[in-house]
Every structure is written in structure tokens, then in C-alpha cells.
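Structure record follows, encoded as C-alpha cells.
Each reported figure results from applying straightforward, stated rules to the coordinates on display, with no laboratory input. Only a predicted model underlies this, so the values are computations on that prediction, with no experimental measurement involved. Every residue, glycine among them, receives a Cβ derived from its backbone with ideal geometry; neighbour counts consider all protein chains shown.
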Amino acid sequence: MNKTLKIHNKSDKPYNIVLKENELIEKCIHIQNSLPGFMKDYFIYLKNAVATSTRLAYLEDILFFCNYLVNETDIICSDNIKDITLEEFNKIKSRDVNIFLGEYCSRYYKQTKKTVLVFENHNRALARKKASIVSMFKYLYRSEQLKNNITDGFNPIKLPKPQPDAIKRLEIDEVAKMIDAVEKGEGLTEKEKVYWSKTKLRDKAVLLMFVTYGLRLSELQQLNISSFNFSRGEFKIYRKRNKEVLMPLNKTCETAILDYINNERANTSYTSDEEDPLFLSMQNKRMTTRAIRELVKKYTSIAMGTTKDNGYSPHKLRATAATSLIQYGFSIYDVQNLLDHDNVTTTQLYAAHKKNVKREIVKNFEWLEEETE
């Protein structure tokens, strides 16, 4: 008999965020139960050292690596990942990991009953897998479970240096076109207009929140009506590593959200004792991240005059917010704070337009006037 999961939430976090966190934790536990017992201390370390989403990503990579060791190498005698011994792990050399990352991971195959699937990992994905494996081997060495620190012998994985000019974002005039499209329905197909007529206030509020605050997709998707304190002009979000942050509401976003709540959302019949999601789907459920992505792609493609497939993701609207704020004269440190960048160098990438500002300044600042004949 399937039992309904009920979480006793003693924190002041919204139930939906606690539930999402618990889903990730359950996935972590499931993977841990499939891995060798000697990694238990490492699992405890991960639990307290990184965000839950990062912990899950690391565990998935380590499970993938162990599966490779069992099925593709002669290092491991057992046919079961769970039965891998610490003695066998001590036999692993840097070269073995380099072959895994450089040869196997870059292109591997999985067979199903009817097809053979080909998987490819480029350098960014390989670098993440390497980070997961480095983390594990370093911990096992520090805890004196492994005799040698083999991570020094891992081959470097070169990542392309981020180029400011290559950052994809909407220009300020394209943002205006996007908002105009969501207000008037221009550029939508007849079928899309049927849905638009029922969700245009919601869609407008979603897009304005993205381009104003540079919210991450998960931060916006998790918003509840109770996240907002309109009398104080602020709303609460939960960022990476469970950071609780109060954000000030500007008049544009406040008007758009209240317009949606009072005139469009009010017609829905959503009921729940534990949560009050802000943005609802046509089925009167919390919008999924996939639905929000599709919404953003649709309207950004109209703004840019391109196909829907070439529309932008919510993360590109985060970049749009960053570049627009800098363009309006806010410092990179202010923008870093608003967008929750760990490192200001990330924010600096969005200041690429400054070089164009400098060019215009110099161009229009002549000490000597040209002589006219």
C-alpha cells in the first residue's frame, strides 16, 4: 500500500520548498544505497559541504563512474557496484580516471531493446564529472582510506574562457517588444491566442519578474502568494544553499502581480492546505519549470523575430536583467548583490557594453574641431 508522504515542517520555509528539498534528499539516499559502504563518511561530508542539488549531481557522477569500473574495466572483480571494496579502489591510478574522462565519457553507448543510444559529453560536462571524482578521491585520501592522492595526475580539461560579447540576452528595445507582445498577443498563432486570452496577466507578471530581478528559474517557480508582503513592498525568495532573501518590490512588478492575482488568478479553483502557489497552470496547479521555459521561449522568440525553437531560456532573461541594470548605470557590485553572484567576476562579464560607452565618449569628445573649408 502506497503511503502519502507528509513532512512535519517546523521551519518558516514554505511547504513547497521543503517538499522539493526532500525529493532531492530522497534521490541522494537512493543513490547512496547503491554505492559501496566505504563511501559512507564521504556521503556525510557532502551532506554538510554542498547544496543538495550539487550533492545529487556529485552522487550521480560517482555512480556513473562506479558503473564504468564494474562494466568496462578489469580493476573491479565484483559484478555489483555495492560490493566494490576499498582495496579495489586503492588500485585505481590517475591513468584509469583519465581514460574514463577523456575516452569513455566523451562518447559512450547505451543499448535498449530496440535502439542503441549514443551519448556525448563536451568539456563543460566532463569538467563537472571530473570535479565530482576529484572531490571523492581527495576526501578518501584525507580520511586515510586511500594510500595516495591520485588527483594530481588527472589531465586538465580546458574550458573556453567566457566572452562578454557572446553572452546571449535581450536588448532593451527587445524587452519592450516582448512585453508589448504579451500585452497585445501580437505574433501568436490563433491557437496560442486562445490560451493567451486566459493567461496574459500571468505571463506578463512572469516576464517582468525575470527581467527586473534576474531571478533563477527555480526561484520564480517556487513563489507563493504568501511570499509577498505588499504593505511592506517586498517579497521573499529562497536562493541556492537555502539562503532566505527579502527583495524590494518595484511599482511595475507590484502592479503586474496584483493585476494577475485579482483579475486572472482569482477565477481559479486551486485548493490546498499547505501551499498557495503564485503562478498557476491552466490545470490550476503550480506551473512546472518546463512550462515556464516554454512561456519564456515563446515570447522572447517574438521579441527577436525568430522561431520559437530559437527563443531564449529564463537564464537568458537573467543575463538581460544584469546587462540592463549595468546599462542604466548601476554598479557591478549592486548587480552582484541583486543577482546573488558568488563572484563579482561573473557580474563583470555583463558589463561588456561599457567598451561601447567608452567608444562613444571618446568619439564625441574632441579637443580640436575639424577645420571646414
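Remark on Leu146: its backbone amide H falls under 5 Å from those of Tyr141, a criterion applied only to residues 5 or more positions apart or on other chains, H modelled at 1.01 Å from N.
For the stretch 319-328, backbone phi angles converted through the Karplus equation (6.51, -1.76, 1.60; θ = phi - 60°) give residue-by-residue couplings of 5, 4, 4, 4, 5, 5, 4, 5, 5, 7 Hz, Gly and Pro being listed as x. For the stretch 140-212, the set of trypsin sites (Lys or Arg not before Pro) satisfying both a DSSP loop assignment and a count of at most 14 other C-beta atoms within 10 Å is given as Lys147, Lys158, Lys168. Between amide H atoms placed 1.01 Å from N, distances below 5 Å from Phe279 occur with Met287, all of them 5 or more places distant or on a separate chain. Our note on the geometry: Cα centres of the stretch 282-316 and the stretch 15-39, 30 Å apart.
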